[in-house]
Amino acid sequence: MAILKIVKFGDQTLRKVCRPVDEITPKIITLLDDMIETMRAANGCGLAAPQVGILRRIAVIEVEEGKVYELINPKIIAYTGTQEEVEGCLSNPGRYGYVKRPAAVTVRATNRLGEEYELVGRGLLARAICHECDHLDGKLYTDFQTREAKCD
Ligand code: NI
């Protein structure tokens, strides 16, 4: 496993629409492992492939320690309610902003075994799912933030 370099805001890589994964190759499995290690090393709760320079529809999320979700080709299929909370991004270290998101979302994705699954996320998990799915379409949280948050 390896810790990958995280691309920062301002890099046009983060503005690209990522391509779907049509086959889960050993290279994709290694990428998932490296993304999890990179996310943990940076103390993040989510990481999308474009953040490590790979323009594929892949993200990892860990909002609860030890509970990692791998999302390959994720698609949000339902959402409900709203919440407005502080969000940050490993590609924009030290900065935070208030973002309005659904209170709960249902995402359909594929795991590393090629199995399709659905995940319902509420609160922080809902925000992480939205944030990471946005990355796969070249969108950043600052596009939607209502105001910057001051955090120490
Ligand atoms: Ni991010």
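Applying the selection to region 43-90, what residues are within 11 Å of the ligand (Cβ to nearest atom) and among the charged types (D, E, K, R)?
Of everything in region 43-90, just one residue is within 11 Å of the ligand (Cβ to nearest atom) and among the charged types (D, E, K, R), namely GLU87.
How many of the residues in region 110-139 are part of a strand (DSSP E or B) and more than 25 Å from THR13 (Cα to Cα)?
7
What are the residue pairs meeting all of these: first residue in region 84-97, first residue at positive phi, second residue more than 7 Å from the ligand (Cβ to nearest atom) and part of a loop (DSSP other than H, G, I, E, B), Cβ atoms under 9 Å, and 6 or more apart or on different chains?
Filtered contacts from region 84-97: GLY94/GLY88; GLY94/CYS151.
Residue under question is ARG108, and the condition is that it be within 16 Å of the ligand (Cβ to nearest atom), surrounded by 14 or more Cβ atoms within 10 Å (Cβ to Cβ) and at negative phi; does it hold?
no
Could you list all residues from region 68-109 that are touching a Pro at 6+ places or on another chain (Cβ under 8 Å), among the polar types (S, T, N, Q) and assigned to a strand (DSSP E or B)?
ASN73, THR80, GLN83, listed by residue number.
Suppose we keep only residues that are in contact (Cβ under 8 Å) with a residue 24 or more places away in the chain and more than 15 Å from the ligand (Cβ to nearest atom) within region 6-29. Which one would you say is nearest to LEU90 (Cα to Cα)?
Selected residue: VAL17.
List the number of the failed condition for GLY44; all other conditions in (1) part of a loop (DSSP other than H, G, I, E, B); (2) over 14 Å from the mean Cα position of the chain (by Cα); (3) more than 16 Å from LEU136 (Cα to Cα) hold.
(2)
Values in this text are rule-based calculations from the coordinates and carry no lab data. In this text the structure is predicted, and so the values were computed from the model without any measurement. Please note: Cβ atoms are built from the backbone with ideal geometry, for glycine as well, and neighbour counts cover all protein chains shown.
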